[in-house]
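The values are calculated or read from the model by the stated rules, or taken from the named source; none is laboratory data. Quantities reported herein were computed from a predicted structural model and do not represent experimental measurements. Note that each Cβ is placed from the backbone with ideal geometry, even for glycine, and that neighbours are counted across all protein chains shown. Quick note on the areas: whole protein, heavy atoms, side chains included, nothing else; ligands and nucleic acids left out. Shrake-Rupley method; radii C 1.70, N 1.55, O 1.52, S 1.80 Å.
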Number of protein chains: 4
Amino acid sequence: MTYKIAILGASGYTGAELVRLLAGHPSMEIAALTGERKAGLAMDDVYPHLRHMDLPALTRIEDVDFSDIDLAFCALPHATSQAVIKDLPSTLKVVDLSADFRLRDPAEYEKWYGQPHSAVDIQPTAVYGLTEFYRDDIKAARLVAGTGCNAATGQFILRPLIAAGVIDLDRIVLDLKVAVSGAGRSLKEHLLYGELEDNAFGYSLGGKHRHLGEFDQEFSKLAGRPVKIQFTPHLIPATRGILATAYVDGEASAIHYALADAYLNEPFIKVLPIGQAPAMKHVRASNFCHIGVVADRIEGRSIVIATLDNLTKGSSGQAIQNANLMLGIEETAGLMSAPVYP
Amino acid sequence: MTYKIAILGASGYTGAELVRLLAGHPSMEIAALTGERKAGLAMDDVYPHLRHMDLPALTRIEDVDFSDIDLAFCALPHATSQAVIKDLPSTLKVVDLSADFRLRDPAEYEKWYGQPHSAVDIQPTAVYGLTEFYRDDIKAARLVAGTGCNAATGQFILRPLIAAGVIDLDRIVLDLKVAVSGAGRSLKEHLLYGELEDNAFGYSLGGKHRHLGEFDQEFSKLAGRPVKIQFTPHLIPATRGILATAYVDGEASAIHYALADAYLNEPFIKVLPIGQAPAMKHVRASNFCHIGVVADRIEGRSIVIATLDNLTKGSSGQAIQNANLMLGIEETAGLMSAPVYP
Amino acid sequence: MTYKIAILGASGYTGAELVRLLAGHPSMEIAALTGERKAGLAMDDVYPHLRHMDLPALTRIEDVDFSDIDLAFCALPHATSQAVIKDLPSTLKVVDLSADFRLRDPAEYEKWYGQPHSAVDIQPTAVYGLTEFYRDDIKAARLVAGTGCNAATGQFILRPLIAAGVIDLDRIVLDLKVAVSGAGRSLKEHLLYGELEDNAFGYSLGGKHRHLGEFDQEFSKLAGRPVKIQFTPHLIPATRGILATAYVDGEASAIHYALADAYLNEPFIKVLPIGQAPAMKHVRASNFCHIGVVADRIEGRSIVIATLDNLTKGSSGQAIQNANLMLGIEETAGLMSAPVYP
Amino acid sequence: MTYKIAILGASGYTGAELVRLLAGHPSMEIAALTGERKAGLAMDDVYPHLRHMDLPALTRIEDVDFSDIDLAFCALPHATSQAVIKDLPSTLKVVDLSADFRLRDPAEYEKWYGQPHSAVDIQPTAVYGLTEFYRDDIKAARLVAGTGCNAATGQFILRPLIAAGVIDLDRIVLDLKVAVSGAGRSLKEHLLYGELEDNAFGYSLGGKHRHLGEFDQEFSKLAGRPVKIQFTPHLIPATRGILATAYVDGEASAIHYALADAYLNEPFIKVLPIGQAPAMKHVRASNFCHIGVVADRIEGRSIVIATLDNLTKGSSGQAIQNANLMLGIEETAGLMSAPVYP
């Protein structure tokens, strides 16, 4: 069976990544692509790398006939997404890639995003889209909220450690090196090639990054008590990928065991032998996440490093993984492509 | 039906790219991987990005049981390849990715590669692997010689123009911008990150590049008289891709027509509307080639620009395309993945 | 003696490069910096890399007291520059880095820049700022028009060859590989890091690049008859630098002699031994230009490659070199810093 | 007065950087350059970017007449350096850029470098070359040991905090993002362009990096008790620069005050206003170090980020700063060039 798919907001990077991945999907077919400002254009006017594909032209959302659509990916900007989703047919399955439905608590949403949520009635129905930990809920969900890409990376490291009780919850430092596509195709000075080449800098420092809302929500729920981590992302001169280094208080062997155990049967999460560390390029353009554990020379402290591609496992690949579950397709369908190296 | 595949010389970039592409191939299965200096290692020791795959360990060639193999890709270094291939079972289908069987004339081989050919008896049996132009021969071949990546790019531009008689054969300038993976994983100073970042330079200048042997052979055969082009490759700070700019004497409209006509039904070669030019990143990690034609302000002169990924369409993708034909599989099988962008 | 300098339009890349170079200049002192949209800001708010310098804050042009200024560098956008310069005190020496005063003929200006010139009365007084060829005029000039960075690179190759009569004037192809800072700090999609990494593409194809106006003017004047070259720039993933490859009909030895002879005593132009080619990174962040000549395998044809840093020798360094001459300072003052490598 | 300088081991990156910086030094003159494997070559055969300089050819160390030399920079590989320095005239002033004389304790040296020190008699005479903290000793020294580039960056952050007693000495995490030139011009697979582009990974994980020997020695001495930090360097796709992120337990205001106070009159160390963070490119190719302090959202915790260019302030610039002091020259001579941006 082939399911008909709409991608709302197809002109951004996560939209283009969805199209790329769906090109190889055995049972999904792109039936509609929308882009408000690009409506009327062919997709290959916006993304010439898709020139060989036979794709519908970009339209406005209002021009999509949703009666024909089995599932919609919503790759719209934050805040826009909630306004659109609340007006979609209530029977339509939706995977949202924006930040709009990640936080359960409207007050938390307002705190981190600076404005009240405009779809508070459907907010409780959304399932948090970290597939490996919400699989059953996702299968049954009508609306799944894709996670932040940084939030996914950090949780892949920390959830099993919190669950297993092998680290000190009050001493978690998460230092991220992130590639530039996480910021999307937006025209900002610090994203220019000439500015970023040979550069590196921290941003949203001191606990201001919005993905902390997700960390707080998820880790506190998991631990049954408030958990606050330190989280500092740094932009580096790369296009795709996140490398997260976690500094934790805990024994490396127990940590490694907890991770290896948690991900034993996971098709996309690969835990390296203890003492080995992953490299960002080893997962590029794929849905895989590699995790490594190393004991620090200071007894009782460990370093855990995880890496994934922010556009794939951190966003569009995760979205398809969730959509597979929602539609009753094999979870890995369309997602087993090997990373592109070099 | 699933064919059993051996990759000889799997530890280089073209070997790794073959594995990546075969991971998504519906009817090929990797049965053997060899790497003389890495024999005994798991493939993911050499290429950790393949960690999720269930692959045979690297062995020596002498340890492969070829009776079990339907087709071997030979991704060995130049000169090594001919020594190995002449000892392979004569019934085994072989796609060679080295330069060893590209030139028909042993004297030409010796001129460009500086040593006599050591397998002169099987040299005539090899078919030149530029799929779009040798399709029927390839279907019937036992041994196919993959083309040079630069040679492929240049021929995709020039063959239809020579065949159609729309350009002056004595005034062809081909200026290439090539990414670094074309040089393989070899340890050379000018390939270091610190040396190549913010750098660009010509190499093999003045007609010394070995791919000229291929150009001379193919263009002269096609034109029925000697054709010599000017060809200057430049290394640029990029990992994958070739962008070739051809300066020719000929009318842009006739040139565009000849190209559009030649590639009308080709699944991988896309001719852009006249006046548009391709970008290297638009074909990255894919088997596609984009070609654009622009009229120069000087009447009767035109610029034709083509781009492809040297590791895919320029090498391992082309090899699989040829293997598909040799095995009677759909030509595009395993090769329709969309380019990775950004 | 120390001269007081104003930089009008200091918030762009060429403005920042002027400040960087003047930081090491023995006899110039920055007395005023302007930036209309950034007026009121400190220079290190706009360019934190200048944090250690004691610089005047950015002001509006109308707030500069020019009676105090010996020379103004005008690093304003095209078209703005002419509007500003015509209102500056007529006794003030001005080096303009924009395109506004490069073309002598108002009709040519209008043809290439799409609008009539608004300062036609002072246009004839401007001297074309290619120092090595207009040295005496520049010494006596009140207004010097900095050349285009691509135009400078191409002329360093071609002027001596045209002057010496050693090439065919009707068969000149100039293929440029240019780094991204030539486009300035402007917010355009194709200048984003994620778009340009692993990318390369031609632009202004077919003779549409505005620097052709300069080539036409200068080469025709030099040759005493119309000369039209083919000129195709390509953007590559690099921040600083231009590498120009010229394909010419002429003997390499005569070409090399003409270049070596022309630049024998030039402090900034270095002609390599025949057969050697320059690399873009070898002149990075410096005022030097390296030129190499190689004979093609086709008799009577040659390849000449030149490289310079577009922001230094191609723009701000050239401007200071000209200012030195205008003020009677040693021509090389402040400009002999070695390139930054790696 | 002009001092005559020898650079031993001029063919590596730190050697080339010394030449670059000395090109602009008002009172040092390069009298000898050595390179054992490149002896006999001109310096511009090895580094064509120095083509414009009039430099002595590379010789063997044994061919240098040291009677003529006022000071030698020793940019030799680790271990080689000690063997060479012990045989240099005892009156010759030496700045060593290797790791050989950084550690006071021969046992510590052997522990970190895996072999006994071969010049134990002169080891005690060496002064640790972190200029800002050993200025008086350096002025009087005959032999100064340049610091590790990572070690310098970390100490610029942590020394004032340890001295002021404003942080918890048992909870210091130092996460570094380092550019590739720190590894020198060595031919290693992971330093290739194709491998490092779009990549990032930790190395020497868990406390194995040799610069920890320097941190342990210096911080313990300063604190008067053993201090062990956690230190994890990560390679990123950049050529020059180190960005160090320190996670400390301490109040941001006290930390900022301690840093601002310590560096108030330092010409090269710039402390940013509290809450601001530095960017690696803002110090590129310069001798400056920028430091920023941000309070974490968790009370009592702070993030301190510092950046410098590993080849300049982290190595060759520091070496010249020290040489200036040893020769009684102005400390900043030859070192005030502005960073190269973009």
Exercise for the section: Being of a type outside the set (Ser, Thr, Tyr), facing chain B (nearest Cβ under 8 Å) and within 17 Å of the chain's Cα centre (by Cα) is the filter here, so list the residues in the range C:234-287 that pass it. Expected result: C:Arg240, C:Gly241, C:Leu243, C:Met280, C:Arg284
Practice task
Scan D:Ala246, D:Ala254, D:Ala277, D:Ala306 and give me the residue that is within 30 Å of D:Pro26 (Cα to Cα) and either of a type outside the set (Asp, Glu) or outside any loop (DSSP other than H, G, I, E, B) (or both).
Solution key: D:Ala306
Practice task
Read through the list (1) within 10 Å of another protein chain (Cβ to nearest Cβ); (2) surrounded by fewer than 24 Cβ atoms within 10 Å (Cβ to Cβ), then give the number of the only condition that D:Leu311 fails.
Solution key: (2)
Exercise for the section: Kindly check whether there is at least one residue in the range D:31-51 that is in contact with an Asp or Glu (Cβ under 6 Å, 6 or more places away or on another chain) and within 14 Å of chain C (Cβ to nearest Cβ). Expected result: yes
Problem - The lone exception for B:Asn322 - which of (1) in contact (Cβ under 8 Å) with a residue 24 or more places away in the chain; (2) surrounded by 24 or more Cβ atoms within 10 Å (Cβ to Cβ); (3) closer than 22 Å to C:Ile236 by Cα it fails - result: (3)
Problem - Residue among A:Ser98, A:Ser90 that is of a type in the set (Gly, Ala, Ser), at pLDDT below 95 and on the phi < 0 side of the Ramachandran plot - result: A:Ser90
Practice task
Please identify the pairs in which a residue from the range C:90-103 that is over 28 Å from C:Gly114 (Cβ atoms) and of a type in the set (S, T, N, Q) has its Cβ atom under 7 Å from the Cβ atom of a residue that is modelled with pLDDT of 95 or more and part of a strand (DSSP E or B), counting only partners at least 6 apart or on another chain.
Solution key: none
Exercise for the section: Could you check A:Ala260 against (1) part of a helix (DSSP H, G or I); (2) not assigned by TED's automatic domain parsing to the domain that holds A:Ile157 and say which number it fails? Expected result: (2)
Fill in the blank from the handout: C:Lys38 meets each of (1) modelled with pLDDT under 95; (2) over 28 Å from C:Glu331 (Cα atoms) with one exception, condition (1)
Fill in the blank from the handout: Only one of B:Asp96, B:Asp121 is in the same structural domain as B:Gly9 (by TED's automatic domain parsing) and over 19 Å from the mean Cα position of the chain (by Cα), namely B:Asp121
Practice task
Give just the number: which of (1) surrounded by fewer than 24 Cβ atoms within 10 Å (Cβ to Cβ); (2) more than 25 Å from B:Ala260 (Cα to Cα) does B:Ser220 not satisfy?
Solution key: (2)
Practice task
Starting from residues that are surrounded by fewer than 22 Cβ atoms within 10 Å (Cβ to Cβ) and hydrophobic (A, V, I, L, M, F, W, C), keep the ones in the range A:273-299 and report whichever is farthest from D:Pro233 (Cα to Cα).
Solution key: A:Ile274
Practice task
Check C:Ala99, C:Ala72 and return the single one that is assigned to a loop (DSSP other than H, G, I, E, B) and open to solvent by less than 20 Å² (accessible area, probe 1.4 Å).
Solution key: C:Ala99
Problem - Residue identified as away from chain B (no Cβ under 14 Å), in contact with a strand residue (DSSP E or B) (Cβ under 6 Å, 6 or more places away or on another chain) and among the hydrophobic types (A, V, I, L, M, F, W, C) among C:Ala152, C:Ala141, C:Ala200, C:Ala163 - result: C:Ala141
Fill in the blank from the handout: The correct count of residues that are crowded, with 20+ Cβ neighbours inside 10 Å, touching a strand residue (DSSP E or B) at 6+ places or on another chain (Cβ under 7 Å) and in a loop (DSSP other than H, G, I, E, B) in the range C:39-51 is 1
Exercise for the section: Residue by residue through the range A:202-215, note down the ones that are of a type outside the set (Gly, Ala, Ser), surrounded by fewer than 22 Cβ atoms within 10 Å (Cβ to Cβ) and out of contact with any Phe, Trp or Tyr (no Cβ under 7 Å at 6 or more places or on another chain). Expected result: A:Tyr203, A:Lys208
Practice task
Name every residue in the range A:6-38 that is closer than 24 Å to A:Gly182 by Cα, out of contact with any Leu (no Cβ under 6 Å at 6 or more places or on another chain), assigned to a loop (DSSP other than H, G, I, E, B) and open to solvent by 20 Å² or more (accessible area, probe 1.4 Å), in order of residue number.
Solution key: A:Ser11, A:Gly12, A:Ala23, A:Gly24, A:Glu36, A:Arg37
Problem - Complete set of residues in the range B:104-125 that are open to solvent by 60 Å² or more (accessible area, probe 1.4 Å) and touching a residue at least 12 places away in the same chain (Cβ under 8 Å) - result: B:Arg104, B:Asp105, B:Lys111, B:Gln115, B:Val120, B:Asp121, B:Pro124, B:Thr125
Practice task
Could you check how many residues of the range C:275-320 are charged (D, E, K, R) and under 26 Å from C:Asp168 (Cα atoms)?
Solution key: 4
Fill in the blank from the handout: Restricting attention to the range C:203-228, the residues that are within 23 Å of B:Gly300 (Cβ to Cβ), part of a helix (DSSP H, G or I) and more than 8 Å from every other protein chain (Cβ to nearest Cβ) number exactly 7
Exercise for the section: Could you grab the pairs with beta carbons closer than 7 Å, sequence gap of 6+ or different chains, first residue in the range B:289-300 and charged (D, E, K, R), second one part of a loop (DSSP other than H, G, I, E, B)? Expected result: B:Asp296/C:Gly206; B:Asp296/C:Gly207; B:Arg297/C:Gly206; B:Arg297/C:Gly207
Problem - Count of the range B:309-342 residues which are among the charged types (D, E, K, R) and either modelled with pLDDT under 95 or outside any loop (DSSP other than H, G, I, E, B) (or both) - result: 1
Handout entry: Enumeration of residues in the range C:168-195 that are part of a loop (DSSP other than H, G, I, E, B) and more than 10 Å from chain B (Cβ to nearest Cβ)
Key = C:Asp168, C:Leu169, C:Gly184, C:Arg185, C:Ser186, C:Leu187, C:Lys188
Handout entry: A:Asp198 vs. criteria in a helix (DSSP H, G or I) and either touching a helix residue (DSSP H, G or I) at 6+ places or on another chain (Cβ under 6 Å) or assigned by TED's automatic domain parsing to the domain that holds A:Val95 (or both)
Key = no
